[in-house]
Amino acid sequence: MENNINHILGIDIGGSGIKGSIVDIQSGKMLFERHRIPTPPNAKSEKIAEIIGEIAQFFDYQGVIGCGFPAVVQNGVIKTAANIGKSNIGTNANKLFSEILNTKVSVFNDADAAGYAAVNFGVGKGIKGTVLMLTIGTGIGSGLFIDGKLVPNTEFGHIYMQNGLIGEKYASDFVRKNEDLSWEKWGERFNEYLTYIEKLFNPDLIIIGGGTSKKIANFQHKINIKTKIVPAKLLNNAGIIGAACLAATK
Ligand code: BGC
């Protein structure tokens, strides 16, 4: 593909799939349908890099890559691994991915990336105050923004709820499927989680992202918090878009 500095490959690494597309970072639009490759169980960083390479090749892309990773990522170094192989902890993903892929790769927390897209191009655009993106998938990710500025690496999916359980172990989409919960039952759990989040952080807006954002109609009637809550307009593509746009800032 022809090199255009406004067109950057964004990648979203999830517990079940690695997805990517080329993003126009000025409009925040994906140029193509995303390409998805399943995440191998306990994938090591080298394997993940290989898959990113396959996605780049699929789009015939050479250039800077932005990547959302489901972990705390400080200055490109992976610090946690709740839903991805533990061997990744301590890896300097910026360095390793850049070396393997022979291009500059910048890695960020996946929910931070999704939130970045939402506050720049989606439902969070122009909102003053505290905006909280919650991505519901294999885990629960959080991206916190104050007047549009990211507070990186919050991990609100890992708060201990008042029932003693970790938020994402109680109310993620993985838990819904794994425990075969009805949308009603899961909606009640998610509402409990949101109620606690609201109590602790009192955001002005909560945006729901991740795969579950497409299915909000199934559980919206179970949500009764005071905070305004909306699905991400960019739905499940926010992670890809945000990763590409964040990479352009590095
Ligand atoms: C991880 C977060 C990530 C979230 C969503 C959690 O288990 O700790 O870093 O953002 O899953 O993928």
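The values are calculated or read from the model by the stated rules, or taken from the named source; none is laboratory data. Nothing here was measured: the structure is a model prediction, and the numbers come from that model. Quick reminder, even Gly has a Cβ in these numbers, built from the backbone with ideal geometry, and neighbours come from all protein chains shown.
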Is region 215-224 home to any residue that is in contact with a strand residue (DSSP E or B) (Cβ under 7 Å, 6 or more places away or on another chain), of a type outside the set (Ser, Thr, Tyr) and part of a loop (DSSP other than H, G, I, E, B)?
yes
Inside region 208-250, the number of residues satisfying the requirement of being within 12 Å of the chain's Cα centre (by Cα) and under 12 Å from Leu132 (Cα atoms) is 3
All conditions in (1) farther than 30 Å from Pro231 by Cα; (2) within 16 Å of the ligand (Cβ to nearest atom) are true of Ala82 except (1)
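For region 102-113, indicate whether the set of residues that are within 29 Å of Ile146 (Cβ to Cβ), of a type in the set (Lys, Arg) and more than 16 Å from the ligand (Cβ to nearest atom) is non-empty. Break it down stepwise before answering.
Keep residues of region 102-113 that are within 29 Å of Ile146 (Cβ to Cβ), which gives 104-113.
Those still in the list that are of a type in the set (Lys, Arg) too: 104.
Remaining after also requiring more than 16 Å from the ligand (Cβ to nearest atom): 104.
Yes, because at least one residue in region 102-113 is within 29 Å of Ile146 (Cβ to Cβ), of a type in the set (Lys, Arg) and more than 16 Å from the ligand (Cβ to nearest atom).
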For region 209-229, which residues satisfy the criterion of being at pLDDT below 95 and among the β-branched types (Val, Ile, Thr)?
Thr212, Ile216
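How many residues are aliphatic (A, V, I, L, M), within 14 Å of the ligand (Cβ to nearest atom) and buried (at least 17 other Cβ atoms within 10 Å of the Cβ) when one looks only at region 120-158?
Going residue by residue through region 120-158, those that are aliphatic (A, V, I, L, M) are 123, 127, 131-134, 136, 140, 144, 146, 150-151.
Next, only the ones that are within 14 Å of the ligand (Cβ to nearest atom) stay: 132-134, 136, 140, 144, 150-151.
Next, only the ones that are buried (at least 17 other Cβ atoms within 10 Å of the Cβ) stay: 132-134, 136, 140, 144, 150.
Qualifying residue count for the region: 7.
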When you scan region 173-195, do you find a residue that is of a type in the set (Asp, Glu), within 12 Å of the ligand (Cβ to nearest atom) and buried (at least 20 other Cβ atoms within 10 Å of the Cβ), even just one?
yes
Can you work out which of the residues in region 52-78 that are within 16 Å of the ligand (Cβ to nearest atom) and in contact (Cβ under 8 Å) with a residue 40 or more places away in the chain is surrounded by the fewest Cβ atoms within 10 Å (Cβ to Cβ)?
Gln74
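Is at least one residue of region 80-103 acidic (Asp, Glu), modelled with pLDDT of 95 or more and surrounded by 20 or more Cβ atoms within 10 Å (Cβ to Cβ)? Even if it seems obvious, please write down each step before you answer.
Filtering region 80-103 down to residues acidic (Asp, Glu) leaves 99.
Checking the rest, the ones that are also modelled with pLDDT of 95 or more come to 99.
With surrounded by 20 or more Cβ atoms within 10 Å (Cβ to Cβ) added as a condition, the list becomes none.
Checked against the condition, which is being acidic (Asp, Glu), modelled with pLDDT of 95 or more and surrounded by 20 or more Cβ atoms within 10 Å (Cβ to Cβ), region 80-103 yields no hits at all.
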